[in-house]
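The values are calculated or read from the model by the stated rules, or taken from the named source; none is laboratory data. This one's a predicted model, so the numbers in the text were calculated from it and none came from an experiment. Virtual Cβ from ideal backbone geometry, glycine too; neighbours counted across all protein chains shown. The accessibility values were calculated without ligands, DNA or RNA, using every heavy atom of the protein model including side chains. Shrake-Rupley method; radii C 1.70, N 1.55, O 1.52, S 1.80 Å.
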Amino acid sequence: MKNNFKNLQKNILLLAYDQGLEHGPIDFNSQNIDPGYILNLGQKANFDGIILQKGVAEKYWNNQLPLIIKLNGKTKLRQGEPLSVQVCSVKEAKELGAAAVGYTIYIGSEFEPVMLKEFGRIEQEAEELGLAVIAWMYPRGKSIKNPASPEIIAYAARVGLELGADCVKINYPGSVKDLAWAIKAAGRTKVLVAGGEKLPEKEFIAQVKDIMSAGAAGLAVGRNVWQSENPIEIAQILREIIN
Ligand code: FBP
């Protein structure tokens, strides 16, 4: 395995490209709609890994860079309480060549128990097959008044530790102090921060500096890189901050 996500000794920069399922082609232009273009970009810009759903991995991934398979997912078309179910097994991910698997848990959702149960089984299977597990910890649903609140994000990070995730991926709570607290709550579970919607580049770079100064293990970023007019350039800047 090129990158051992289980015992991360260094900071990592992951390229997220599962938005085609989560949001649909609305996120894409005529260039970044092509998974081949994104894989090429990830390799050129020296990302530590790429996050894909299994369909894209099957048809496009060719060992260009370490693979993280997202095991569950949902479209944005269905309304109501969020539930993201497993659409790929750990075994399939392993056979595809994954170094790690990812799984989203919408804590606070009415369907939280479904995802917690599924995640528990995935943890066990991934352990047996030697794959690291990254948990996308997203508080969401009608019980969650403010998913962006620092308290709720720290809670999400802690749940990742309690459940045995190697890394959690959380949203930026908005300040260095609040992220540092969430990282403390995650203990020995490493914290990756999601990029989120495209921001003006200066703003995003300043945010990444704050993220790293709070002690994050890195970033799993998509739109802020591949929606940029200069994706390689921005990736290089991120690389320098994150190293
Ligand atoms: P971005 O950096 O493009 O936000 O990607 C991070 C990510 O977690 C993706 O893995 C996922 O597709 C998306 O954000 C989910 O966003 P949301 O559910 O918040 O719309």
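Residue count for segment 28-74, restricted to those that are of a type in the set (Asp, Glu) and open to solvent by less than 70 Å² (accessible area, probe 1.4 Å): 2. Restricting the search to helices (runs of 4 or more DSSP H) fully inside segment 165-227 and requiring at least 2 residues that are modelled with pLDDT under 95 and either more than 10 Å from the ligand (Cβ to nearest atom) or buried (at least 24 other Cβ atoms within 10 Å of the Cβ) (or both) gives an empty result. Can you find, within segment 139-151, the residue that is surrounded by the fewest Cβ atoms within 10 Å (Cβ to Cβ) among those that are more than 16 Å from residue 162 (Cβ to Cβ) and touching a Pro at 6+ places or on another chain (Cβ under 8 Å)? Checking each candidate, the answer is 148. So for segment 234-243 (the condition being open to solvent by 60 Å² or more (accessible area, probe 1.4 Å), modelled with pLDDT under 95 and not acidic (Asp, Glu)), does at least one residue qualify? Within segment 234-243, one or more residues are open to solvent by 60 Å² or more (accessible area, probe 1.4 Å), modelled with pLDDT under 95 and not acidic (Asp, Glu).
When the residues of segment 99-131 are filtered to those that are among the β-branched types (Val, Ile, Thr) and surrounded by 20 or more Cβ atoms within 10 Å (Cβ to Cβ), the one that is farthest from residue 193 (Cα to Cα) is 122. Pairs linking a residue in segment 129-148 that is more than 14 Å from the ligand (Cβ to nearest atom) to a residue that is at pLDDT below 95 and open to solvent by 10 Å² or more (accessible area, probe 1.4 Å), with Cβ atoms under 6 Å and 6 or more positions apart or on different chains, are 132/6. Please name all residue pairs, on different chains or six or more residues apart, with Cβ atoms under 9 Å, provided the first residue is in segment 11-22 and is closer than 16 Å to residue 40 by Cα and the second residue is open to solvent by 30 Å² or more (accessible area, probe 1.4 Å) and near the ligand (Cβ under 6 Å from one of its atoms). These pairs meet every condition: 16/223.
Selection within segment 65-100: residues that are under 16 Å from residue 117 (Cβ atoms) and in a strand (DSSP E or B). The member of this set that is nearest to the chain's Cα centre (by Cα) is 72. Residues in segment 6-37 that are of a type in the set (A, V, I, L, M, F, W, C), part of a loop (DSSP other than H, G, I, E, B) and within 13 Å of the ligand (Cβ to nearest atom): 28 only. Taking the conditions exactly as written (more than 13 Å from the ligand (Cβ to nearest atom) and in a helix (DSSP H, G or I)), does residue 40 satisfy them or not? So residue 40 fits the description; yes. Of all residue pairs spaced 6 or more apart or on separate chains, those with beta-carbon atoms under 8 Å, a first member in segment 46-74 that is under 18 Å from residue 34 (Cβ atoms) and acidic (Asp, Glu) and a second member that is surrounded by fewer than 21 Cβ atoms within 10 Å (Cβ to Cβ) and at pLDDT 95 or above are 58/96. Residues in segment 75-90 that are polar (S, T, N, Q) and free of Cβ contacts under 8 Å to residues at least 24 places away in the same chain: 79 alone.
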